[in-house]
Amino acid sequence: MKPSLEEEIQHLRSKATELFLREDWKEYINLYTHLISLCLQPPTGPSVADAAKLRKTLCLAFSHRAEARWRLRDLTGALEDYDKALEIEPTHGKTLISKGKTLLDLDRYSQASNCFKLAMCSLAGGDAETLRGLLEKCRRLETQSRTGVVDLSEWLIKGFKGKCPELAEYVGPVEIRRSVNGGRGLSATKSVEAGTVLVITKAVGTGRGILPEQGGDECNESGKMVMWKDFVDKILDTVENCSRSLSLVYTLSTGEEKGELPIPDMGLFRPESEESFSPKNGEVDVGRILKVLDVNCLTEEACSGKVLGNTNSYCGVGLWILPSFVNHSCNPNARRLHVGDRVVLHASRDIKAGEEITFAYFDVLSPLSKRREMAKRWGFCCSCERCRFEGEASFRQEVAKLESALIMHESDVGGVVVELEQGMRRWVVKEKQKGFLRASFWAAYDCVFASERLMRKRGWKIPAEAAVADSIVEAVGGDERVLKAVVGRLKKGGGGCNGGLEMERAMKLGRGTYGKVMKRQAIKVLFEQLALASNNH
């Protein structure tokens, strides 16, 4: 005897409970898809009571299928199912809450807030308390997404204990334009000062691994390969389940295109965008994705980045869409701060309206010859203002000899620094250009400033450490190594009559290095950590 519709639905519900406990989400989705089809094709002539009961079952079926899709990170599919459930029962509290949480995952704060407000009207007790917390979270993140104002002070002062702070998506005064060096780049739409937050964005995916300190290069390479495979799998899983992520990844270069690439509309990168994201062929082009990853991934421990909250020494890689449009320069004006899976891109020195935003792909506190070698490994030749000046200067041969002496250790570092300073006076080098050259010889300056013996012997022929630091920061932006030297000197000096002035200089350098994401006391905590690291070194 064929079971009735009610009996079949009850059987499917029991089976769904088993699948839920096993966390078999794909089968769970298949089961509810079948249950939905049964509810949409009921037998003819049901009673009014039966029809109402069926509608309630259908609402719950869409809501349960949506939750499974959410767990598989198919957020677009989850939203579609939540909407279908709410078409049947617009005030269904649990569905409204779940839809709001999904919208939060998609960084659509105002839409999520609307869902929680509607749910508040239909729920009470413990749920009401939870909703008040979610509404406060939406308010905070929505404000942050409009202003870019971030404060990580409390988390930093507590030693990064507890959950990593939640940061909102933020697109500041930037847009994608044609780069002066060809291709595309990110540019400032208005003038900003050092430390200003330009972009906050979540990774499409990250890969992290703690590589063994012992075991040799072969062991490390093997570990990196495992980490890379895991990372690629995460990216492919994300873009297969999220059409928005796939479309955004498709805006990035594969490195093989011929001719000019299109300039994407900045509206695509704003989370509240109502744009329809549907790839042309509806399928993931795995080959294309792999090429995009090959040329656009960023490492968290890069010289232009700082990871906050990491207590382990790990190797991390990730794909962040807007930062992938940032090109390299040897006189960069931006840096990255990594907080969990978010990147905070900020100005590392003052930036003028229309200026292209750049950060360093490799160590730019190096002589021109070494920078050219590193750029060659990256597959390009840097033609920034600094490289052009150093490469075309009439005194290039004299500087090259100093570079060689420094690299080959043919001269004491103090002598190299003194010769460079004397040479710059002789060559009548402008202040900005002095910063370029001092940045190229930072390793030598750092050695001299760190050595009491060398300072006694050569110090009177060299500008004060703070003046050299200011000059270098003006050329290449904030850098933690330069900041460490300034803070170390400040600690040794113990304050003195110029202590306040020196601390203000260090604070300005700190904002350029870490961005305006923490208060004065928190920056001082970072200074203490830098000083401790410097002493241990």
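Every read-out reported here was derived from the displayed coordinates using simple, explicitly stated rules and does not represent laboratory data. Every value quoted in this text rests on a predicted model; they were computed, and no experiment measured them. Ideal geometry is used to build each Cβ from the backbone, glycine not excepted, and the neighbour counts take in all protein chains shown.
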Nearest 10, in degrees from 0 to 90: the angle of helix 465-476 to the longest Cα principal axis of the chain is 50
With a 22 Å threshold on alpha-carbon distance, the violating pairs from LYS370/LYS491; LYS84/LYS117; LYS190/LYS258; LYS434/LYS508 are LYS370/LYS491; LYS190/LYS258
When the charge dipole of the range 433-512 is computed with +1 on Lys and Arg Cβ and -1 on Asp and Glu Cβ about the Cα centre, the Cα farthest towards its positive end, among LEU454, ALA444, ALA466, belongs to LEU454
Cβ-Cβ cut-off under 10 Å around GLY477, Lys and Arg +1, Asp and Glu -1: the net charge is -1
Those chymotrypsin sites (Phe, Trp or Tyr not before Pro) from the range 139-215 that are DSSP loop and have at most 16 other Cβ neighbours within 10 Å turn out to be PHE160
When the charge dipole of the range 116-198 is computed with +1 at the Cβ of Lys and Arg and -1 at the Cβ of Asp and Glu, the Cα pointing farthest to the positive end, of CYS121, LEU156, GLY195, is that of GLY195
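Under the rule a/c < 1.5 gives rounded, and otherwise a/b versus b/c splits prolate from oblate, where does the chain land using the Cα gyration tensor? Show your work: numbers first, answer last.
Values: a/c = 2.68, a/b = 2.23, b/c = 1.20.
Since a/c reaches 1.5 and a/b is larger than b/c, the shape of the chain is classed as prolate.
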Tilt, helix 93-105 to longest principal axis of the chain (alpha-carbon atoms), in degrees rounded to tens, equals 20
Taking a ≥ b ≥ c as the square roots of the eigenvalues of the Cα gyration tensor, with a/c under 1.5 meaning rounded and otherwise prolate when a/b exceeds b/c and oblate if not, the range 332-392 is oblate
Projecting the Cα atoms of VAL317, CYS303, GLY223 onto the charge dipole of the chain, where Lys and Arg contribute +1 and Asp and Glu -1 at Cβ, the residue farthest towards the positive end is CYS303
Sorted by chain and number, the residues with a modelled amide H under 5 Å from that of ASN327, at a separation of 5 or more or across chains, are LEU186, PHE359
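Just add up the charged neighbours of LEU501: K/R +1, D/E -1, any other residue whose Cβ is under 15 Å from the Cβ of LEU501. Intermediate results must be reported in sequence, preceding the final value.
On the way: positive: ARG489, ARG505, LYS508; negative: GLU465, ASP470, GLU502, GLU504.
It works out to a net charge of -1.
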As a percent rounded to 5, the proportion of antiparallel DSSP bridges among beta bridges in the chain is 80
Tilt, helix 431-440 to longest principal axis of the chain (alpha-carbon atoms), in degrees rounded to tens, equals 80
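Can you tell me what the convex hull of the Cα atoms of the range 116-179 projects to on average, as an area in nm²?
Mean projected area for the range 116-179: 7.1 nm², to one decimal.
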In debye to the nearest 20, the charge dipole size for the chain, taken about the Cα centre with +1 at each Lys and Arg Cβ and -1 at each Asp and Glu Cβ, equals 1680
If every Lys and Arg gets +1 and every Asp and Glu gets -1 at its Cβ, then about the Cα centre the range 6-122 yields a dipole, in debye to the nearest 20, of 320
Relative contact order in percent for the chain (Cα pairs under 8 Å, 6+ apart) equals 13
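What net charge is computed for the residues neighbouring SER179, neighbours being all others with C-beta under 15 Å from the C-beta of SER179, Lys and Arg scored +1, Asp and Glu -1? If you can, show how the numbers build up before the last one.
Working: positive: ARG177, ARG178, ARG184; negative: GLU175, GLU257, GLU260, GLU355, GLU356, GLU385.
Result for the neighbourhood of SER179: -3.
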With a ≥ b ≥ c from the Cα gyration tensor eigenvalues, square-rooted, and the rule rounded for a/c under 1.5, otherwise prolate when a/b > b/c and oblate otherwise, the range 44-181 is prolate
The answer for GLY305, listing residues at least 5 apart or on another chain whose modeled amide H is closer than 5 Å to its amide H, is ARG336
